[in-house]
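Values in this text are rule-based calculations from the coordinates and carry no lab data. Everything numeric in this text was worked out from a predicted model, so none of it was measured. With ideal geometry, Cβ positions are generated from the backbone for all residues, glycine too; neighbour counts draw on all protein chains shown.
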Amino acid sequence: MQLLDGKLAAQAIKEDLHQKTSTLLQQGKRAPHLAAILVGTDGASETYVASKVKTCAEIGFESTLKRFPSTITEEELLQEIDELNNNDAVDGILVQLPLPKHISDDKVINKINPAKDVDGFHPVSVGNMVSGTPTFIPATPYGILLLLKQYNVETSGKHAVVIGRSHIVGTPMSILLSRKSNPGNCTVTICHSATTNLKEICLQGDIIVAALGQPEFLTADMVKDGAVIIDVGITRVADASKKSGFALKGDVKFDEVSVKSSYITPVPGGVGPMTIAGLLMNTYNAYMNKQ
Ligand code: NAD
């Protein structure tokens, strides 16, 4: 079994982007600039956004964090996005989801200028991804592709089983793995909450991407020998032994599945850091597209 170390792979990407940013600054240009919008005070969202902003600073990117109370109206939020759309010094815009119930995720995402859609959720980006046109790929699947590439994991001709069909992870992952590309070229089965014979399907998987958000769901009896396991899940589980009061759990029962796998991502330190790397790559590309 080989660990797919997302922390290490993300570090290599960050160092490369840091170097590229230093070169831009030496040439008298400005640095790439990511603007993040956070509405409300959800603990996990706060942590994710803080980590994105901190990583921008580490590699020399500019970042702006716009925080709003959960009482902000949809109209006000849309206006804020318009301002960022019209600000030439901002390359990428991300809106941390979930948003409060009175605000439509779709309206907000659709408001972002597709040229700045570094989360890759805008319908224009999704359409481009499906048609194979270069575009912003959602950060988590993008990070997973970068990780597979970094470790030269063979994907062509393999059967990939993706568990979960969200717009953020499962659906784009299934499309990307099926494309004629490297990584990619897989035969893909996408499973979800209505799949009846999940275990049977998983046992056929040369590659399994678990993105359902149920801690330790994928067990050894569901995995064939030598499978590549990508664990996307992150769930906070109460743990009195931790200072924070919780531990992060993936969707894979790591101890038993790792023994059977050829490659496996840990949680934490697997897909999480690669998601941030994917976002930074998208932001850099958004900047370069304007040059
Ligand atoms: P989601 O809740 O939007 O989607 C979950 C999907 O899993 C759904 O499509 C559902 O049909 C499917 N599902 C639920 N129960 C199932 C079951 N018993 N069998 C088969 N399918 C089932 O979640 P999401 O946004 O896609 O996130 C999934 C997990 O990944 C969460 O734990 C989330 O925190 C994590 N996540 C991690 C990162 C990262 O950077 N590591 C990024 C995004 C999401």
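For the reader, a short list of remarks on this structure follows.
- Amide H contacts under 5 Å for residue 252, placed H, 5+ residues apart: 216, 217, 218
- Gyration tensor over alpha-carbon atoms, region 172-291, equivalent ellipsoid semi-axes in Å: 26, 23, 13
- Net charge contributed by nearby residues that have their C-beta within less than 9 Å of residue 185 (K/R +1, D/E -1): +3
- Rg/Rg_ref, region 222-261, where Rg_ref = 2.2 N^0.38 Å and atoms are Cα: 1.41
- Straight-line reach from residue 158: taking Cα to Cα under 17 Å and skipping same-chain neighbours fewer than 8 places apart, the aspartates and glutamates in range are 200, 206, 225.
- Per-residue Karplus couplings for region 10-22, computed as 6.51 cos²θ - 1.76 cosθ + 1.60 with θ equal to phi - 60°, are listed in order as 5, 4, 4, 5, 5, 5, 5, 5, 4, 4, 5, 5, 4 Hz, Gly and Pro entered as x.
- Neighbour-count ranking [beta-carbon atoms within 10 angstrom, fewest first] of 8, 248, 99: 8, 248, 99
- Fewest-first sequence of 108, 267, 232, 130 by Cβ atoms within 10 Å of each Cβ: 130, 108, 267, 232
- With Cα atoms as the point set, the chain shows a radius of gyration and Dmax of 19.0, 58 Å.
- Table column - 3J(HN,Hα) (Hz), region 142-157, Karplus curve with 6.51, -1.76, 1.60, x for Gly and Pro: 4, x, 5, 4, 4, 5, 4, 5, 4, 9, 6, 6, 6, 10, 4, x
- Region 1-124, relative contact order in percent, only Cα pairs under 8 angstrom and at least six apart counted: 26 percent
- Using only side-chain charges placed at the Cβ, +1 for Lys and Arg and -1 for Asp and Glu, the dipole size of region 174-283 relative to its Cα centre rounds to 320 debye.
- Put the Cα centre of region 12-88 next to the Cα centre of region 158-219 and the gap is 30 Å.
- Applying the Karplus relation 6.51 cos²θ - 1.76 cosθ + 1.60 with θ = phi - 60° to region 27-41 yields 3J(HN,Hα) values of 7, x, 8, 8, 8, x, 10, 9, 10, 10, 10, 10, 10, x, 10 Hz, where x marks Gly and Pro.
- Relative contact order for region 198-271, counting Cα pairs under 8 Å that sit 6 or more residues apart, in percent: 34 percent
- Rounded to the nearest 500, the helix-only mean residue ellipticity at 222 nm of the chain stands at -12500 deg cm²/dmol, with each DSSP H run of n ≥ 4 adding -39,500 (n - 2.57).
- Short-range pairs are left out: with C-alpha atoms under 8 Å and at least six residues apart, the relative contact order of the chain is 21 percent.
- Sequence of 263, 142 once ranked by neighbouring C-beta atoms within 10 Å, starting from the fewest: 263, 142
- Built amide H within the under 5 Å cut-off of residue 188, gap 5+: 160
- Amide H contacts under 5 Å for residue 224: 205, restricted to partners 5 or more places along the chain or on a different chain, H placed in the peptide plane at 1.01 Å from N.
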